[in-house]
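Only one structure is covered here, and it is reproduced in the block below.
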Amino acid sequence: MPLSTSSNFARPDDAFRAIVEAHRGLTDEQSADFDTALVLILANHIGDIDVLREAIGLAKRRMIDGQQQQQQQQQ
Amino acid sequence: MAPANTHQAKTQFGYRRHPDQDRPGQNPAEHPVVIVGAGPVGLSLAIDLAQRGQRVVLLDDADRIGEGSRAICFSKRSLEYWDRLGVADRMVDKGVVWSVGRIFHGEQQLYQFNLLPEVGHKRPAFINLQQYYAEAYLVDRIQDLPAIDLRWRNKVTALEQRNDSALLTIETPEGAYRLQAQYVIACDGARSSLRQMVGAEFAGQVFEDQFLIADVKMTAEFPTERWFWFDPPFHAGRSALLHRQPDDVWRIDLQLNRYADPTVEKKPENVRPRIARMLGHDKFAFEWISLYKFQCRRMDRFIHGRVIFAGDSAHQVSPFGARGANSGLEDAENLSWKLDRVLRGASPASLLESYHVERSMAADENIRESTRSTDFMAPNSHQEARLRKAVLSLAKETEFGKRMVNGGRLSVPCSYDTPLSSRDADAWRGGPSPGCSMLDAPVATRTGEQAYLTDAFREGGTDFTLLSFSNGAAIDAPEGVKGIHIGGEGGLADLQGLVAKRYDAEPGSAYLLRPDGYVAARFRHPTAAAIAAALARAEDLN
């Protein structure tokens, strides 16, 4: 099964909000700890190494795109 | 550090002059096989080849068995191999048998694992045994085998490759001499001089973290289990390992700061307080202290002309996982039957290429596994440390977290994706597929004696073997192939049904096993032609 990138939540704002609220009041360090645990929990729930790799690929591409944008702005 | 004085086996040997040394340099003695290095791998390979009828010269530059316990964990697979070499009983009798490991984080146990949770296997998951005992027992066994010519204080100093042989120059206390060998097997360890002589690279990953090994002698009530700690109260922020050896000796392994000064850390007066903190007392004596860093690396090719590399000379891993000596022994069992066939002219020399293919696959797997363990123990970045912290904390309340905690993944035989295997043509729900190692199971002999499948395999002479499950009609094995019959008249009885279960067998099923106990092919309804074709493929006679 490929990585699903269609919108899966009936109320996407609730999902986004739930994550935002989980980070409220945390320092950056605590937020990073929290995210790391959350990633592992969700990765295990997905339980499919191909989907996980695809998700990692998508997240990585975002970072590379971001870096290129930054470089272009600097030029 | 003085060696242990509790050895029950001979560890010091003398140099003896051999008539080969009197030959003129331009007319050296010729031998089919010269093995360089009398460690566990070289000794085992020599015994295996001798049992197959080969004459072997085994050279070692020292005249004694090395000090220190070094490799202590020998796997079920290694014990099954040593069974075939006639030394396993002695190893197991002396060794400490174990199968359970526990992982702790701080003071709390995260989980425990059992490496052999099922019954009906002749050999345990692991024994712990000081390497010097293992070597001494192997050397003893060699005394029974006149086909092995073990020469101490014979140091190879030069190598010349020829078309169909290799010429070795060997330094002895009485000067140099030369030997010509059809094949040279380099079992001369991580700092292999043969590897330098063939000019091969040995590149890989160097780990900066340092580990301290201390073998201490004490009477203690700890169970015979492998205990591993992350961030223990007695060694804050780092990892620790405790493991029992024979003779009331305990292996303690402590991760140190990567900037620690080795000469300072090794001093017994500095090690003692660390160990005392761990044990809660200081009623122990040191047997051996060693400080090490490690590397994970392998040669690109295990075969260079007429020189074949086996064990640490070909590949090196971190120690967490017992993948060093055990994988070297698997190299020996993989190489031995192939080299024997090639020397007898029964298979073409190209069969040896499958040694490189199969064992470099195993080396990659061992390097991958041991690198992952090492990275988990010594994270490389802030985020890696954070991931580890998350896993360790999740492990307290989730099963998936426990399974991600990596305190060493212990050695199991590698499965080969190899040209020697014939693909399954039938449907199988389980059992070892082609390229996998055979599984042990209990059987009863015709006279009702309890035995094991690995015994039957060994007694067949560890040649190609057809393991068949009776349907009333015996299957004809091709010439030269041994047969093990389960069930039926004259066959072994599968009283507990475990053979059929472990091999997913139905009446009429058959497995073709290679001389190293790997599955070459399997059939639901074998025909003579299909077996012959699988045999030819596994012998590289296609």
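Just so you know, all these numbers are worked out from the coordinates, no wet-lab data involved. As the structure is a computational prediction, the values presented were derived from the model and not from experiment. Glycine also receives a Cβ, built like all others from the backbone with ideal geometry; neighbour counts cover every protein chain displayed.
Remarks
- Kirkwood estimate for chain B, i.e. one over the average of 1/r between Cα atoms, Å: 24.7
- Global geometry of region A:2-70, whether rounded, prolate or oblate, following the gyration tensor of its Cα atoms and the 1.5 cut on a/c: rounded
- Comparing A:Gly57, A:Gly47, A:Gly25 in a Gaussian network model of chain A (Cα springs below 10 Å), the most mobile by mean-square fluctuation is A:Gly25.
- Kirkwood Rh, angstrom, the protein assembly as shown [1 / mean 1/r, Cα pairs]: 27.0
- Quarter of the Cα convex hull surface for region B:65-224, i.e. its orientation-mean projected area (nm²): 14.8
- Spread over its residues, the convex hull of the C-alpha atoms of region B:246-320 is 145 Å³ per residue.
- Other-chain or far-sequence residues with amide H under 5 Å of B:Val443's (modelled H): B:Ala451, B:Tyr452, B:Leu453
- Remark on region B:476-541: Rg and Dmax equal 12.3, 38 Å (Cα only).
- For B:His281, A:His23, order by how many other beta-carbon atoms lie within 10 Å, fewest first: B:His281, A:His23
- Of every Cα-Cα pair in region B:291-366, the percent that sits beyond 22 Å: 24
- When the pairs B:Lys122/B:Lys482; B:Lys293/B:Lys389; B:Lys122/B:Lys402; A:Lys60/B:Lys389; B:Lys94/B:Lys396 are compared against a 28 Å limit on Cα-Cα distance, B:Lys122/B:Lys402; B:Lys94/B:Lys396 fall above it.
- Diffusion coefficient (Stokes-Einstein, Kirkwood radius over C-alpha pairs, 10 °C, 1.306 mPa s) for region B:302-460: 84 µm²/s, rounded to a whole number.
- Restricting the trypsin sites (Lys or Arg not before Pro) of chain A to loop positions (DSSP other than H, G, I, E, B) with no more than 13 neighbouring Cβ atoms within 10 Å leaves A:Arg24.
- Taking all Cα pairs closer than 8 Å and separated by 6 or more residues, the relative contact order of chain B comes to 14 percent.
- Estimated [θ] at 222 nm from DSSP helical runs (n ≥ 4, -39500 (n - 2.57)) normalised by residues in chain B, nearest 500: -8500 deg cm²/dmol
- With N as its number of residues, region B:227-372 has a Cα radius of gyration that, divided by 2.2 N^0.38 Å, comes to 1.38.
- Considering helices alone, the calculated mean residue ellipticity of chain A at 222 nm is -26000 deg cm²/dmol, with DSSP H runs of length four and up weighted by -39500 (n - 2.57) and normalised per residue.
- Each residue of region A:23-38 was assigned a 3J(HN,Hα) from its phi angle through the Karplus expression (A = 6.51, B = -1.76, C = 1.60, θ = phi - 60°), giving 8, 4, x, 8, 6, 4, 4, 5, 4, 5, 4, 4, 4, 4, 5, 4 Hz with x at Gly and Pro.
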